[in-house]
Every structure is written in C-alpha cells, then in structure tokens.
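Colleague: One structure, pasted below without further comment.
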Amino acid sequence: MKNNIILIGYMGCGKSTVGKALASRNQQIFLDTDVCIEQQEGCAISNIFAQKGEGYFRDLEAKLLQKMVEENANTLEKERENVRVISVGGGLPLREENRVLLRQLGTVIYLKAKPDTIYERLKGDTTRPLLQTENPREKIKEMLESREGKYQAAAHNIMEVDGKKTEEIVEEIRKMLRKG
Ligand code: S3P
C-alpha cells in the first residue's frame, strides 16, 4: 500500500513539527527515523556520530528504511490503521537506493526551506553534529546546494515552507494529497 506520507528535507525545515501536527490532524501514527535510531541504539545521534562515525549512522538509516519498506509490503491494503506519517533524517535521501525505497514506502513530500530560514531556526542548536562548525551559515548554504537535486529526485511533491506556520503547511499538504 502507498498511503504513508513521508517528509524529507534539510535539518530544521520542520519535518518533525509538521509531521506530528499532520499525523494528529489525520489521526495517523507518526514516526521519526532519528528517534527510532536513537531508541534502537540507546544513545543520541550526536553521540553515534562522535563514537561510531557518520558512515555507521548512514548504514543504520538505510537498514531502518529497508525494514520499514518490508513491513509495509506485508501490510494488507485494508489495514488503514497502519498508515503513517514518517519524518526522515535530512541526510537519508542522499543514497540513491534510499530514494528508491522512500518512493516505495509512500508519497514523498520535500519541505523546501531557504538557507536563511534554516540558519535562523538552527543557530545555537547543538544536536546536529554536521553543523557544529565555525561558519554554520555557509555550511548550510553549501550543503543545501549539493543536496537540492537529491531531495527533488526523491520527492513526489515539493512544498515551500518559508514564512509559513505549521498549521498552514499541514492544510496545504492535506489539500495537495487530496488532489492526488
Ligand atoms: C542529518 C540530519 C539530522 C540527523 C543527523 C544528520 C543530515 O536529522 O539525521 O544529524 O545529514 O541532514 P534532522 O533532519 O531531523 O535534523
């Protein structure tokens, strides 16, 4: 079945906040791949990066995604309660095989935000290991430029989020999905 809603996009674009609000509005289950990995490993993402490295974390993400796709394929069409809103870590769509799996798992929506929006939301944040650099503003700009094509390639739909409130984004996504 293909009714899951998958939210992708750069760190700080609002995937988790929008995902939770959308799931609650739709009375669906909400899942966040970062939270699943932290629970599974019993430690924070920043500690996984520090202790085991980024490659190890990326492999965990890929394995989790494969498991979700397998479980989803085993779900009967009529089991509507299994429809979920899934927010995925900002780097998960970077591997090509993950992009293929994401599109199998559901309708993929890219929450697109400008570098300035992201910088304002994430300045002072210490939970994103990739942004603990001297010049996070520049790093965000560079990473977004190199990731943009991959996010677009993974997405069925793109939703611009700059300057919008969570509830507005939720309603726009619901409208977008109703149109098909
Ligand atoms: C990352 C995004 C983070 C987390 C990790 C790496 C990335 O998730 O998975 O810090 O490479 O963009 P969020 O997008 O939920 O912040």
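Colleague: List the extent of the Cα atoms of segment 21-104 along each of their three principal axes, largest first, rounded to whole Å.
Modeller: For segment 21-104, the Cα extents along the three principal axes come out at 42, 26, 18 Å.
Colleague: Separate question: Which one, TYR151, GLN27, LEU64, projects farthest toward the positive side of the charge dipole computed for the chain from Cβ point charges (K/R +1, D/E -1)?
Modeller: Highest projection toward the positive end goes to GLN27.
Colleague: Considering amide H positions built from the backbone, and no H for Pro or chain starts, which residues 5 or more places from ASN4, or on another chain, come under 5 Å of its amide H?
Modeller: When sequence neighbours closer than 5 places are left aside, the close amide H contacts are ARG84, THR107.
Colleague: Moving on. Can you compute the helix-only [θ] at 222 nm over the chain? Use -39500 (n - 2.57) per DSSP H run of at least 4 residues, normalise by all residues, nearest 500 deg cm²/dmol. Before the final figure, lay out each step's value.
Modeller: Details: 8 runs with 100 residues, N = 180.
Mean residue ellipticity at 222 nm (helix-derived): -17500 deg cm²/dmol.
Colleague: Now for a separate question. Residue by residue through segment 161-178, what is 3J(HN,Hα) from phi via Karplus (6.51 cos²θ - 1.76 cosθ + 1.60, θ = phi - 60°)? Round to whole Hz and write x for glycine and proline.
Modeller: Karplus values, whole Hz, x for Gly and Pro: 10, 4, x, 9, 7, 3, 4, 5, 5, 4, 5, 5, 5, 4, 5, 4, 6, 5.
Colleague: When the Cα centres of segment 1-76 and segment 118-180 are compared, how far apart do they sit, in Å?
Modeller: Rounded to whole Å, the Cα centres lie 16 Å apart.
Colleague: When only C-alpha pairs under 8 Å and at least 6 residues apart count, what is the relative contact order of segment 1-158, in percent?
Modeller: Numbers: 213 pairs, mean separation 61.1, N = 158.
Reported as a whole number, the value is 39 percent.
Colleague: For the chain, what is the accessible area per residue in Å², given a 1.4 Å probe and the full set of protein chains? Before the final figure, lay out the partial values.
Modeller: Working: 9590 Å² over 180 residues.
With all protein chains present, the chain gives 53 Å² per residue.
Colleague: Step through the residues of segment 120-125 one at a time and calculate ³J(HN,Hα) from phi using the Karplus curve (6.51 cos²θ - 1.76 cosθ + 1.60, θ = phi - 60°), rounding each to whole Hz and writing x for Gly and Pro.
Modeller: Per residue, the Karplus-derived 3J(HN,Hα) values read 4, 6, 9, 5, x, 6 Hz.
Colleague: In the chain, if every C-alpha pair distance is counted and binned at 10 Å from zero, what percent goes to each bin?
Modeller: The calculated distribution, bin by bin, is 9, 38, 39, 13, 1, 0.
Colleague: Could you please state how large a percent of the accessible area of the chain is carbon and sulfur, counting protein chains only and using a 1.4 Å probe? Intermediate results must be reported in sequence, preceding the final value.
Modeller: Working: 4450 of 9590 Å².
Here carbon and sulfur together make up 46 percent of the probe-accessible area.
Colleague: Right, here's the next one. Name the residues whose placed amide hydrogens come within less than 5 Å of the amide hydrogen of ILE29, ignoring near sequence neighbours (fewer than 5 apart) on the same chain.
Modeller: HN-HN under 5 Å from ILE29: VAL85.
The values are calculated or read from the model by the stated rules, or taken from the named source; none is laboratory data. For clarity, every value in this text was computed on a predicted model and none was experimentally measured. FYI the Cβ positions are ideal-geometry reconstructions off the backbone, even for glycines, and counts take in every protein chain you see. Heads up: the accessible areas ignore ligands, DNA and RNA and are worked out on the full protein's heavy atoms, side chains in. Shrake-Rupley method; radii C 1.70, N 1.55, O 1.52, S 1.80 Å.
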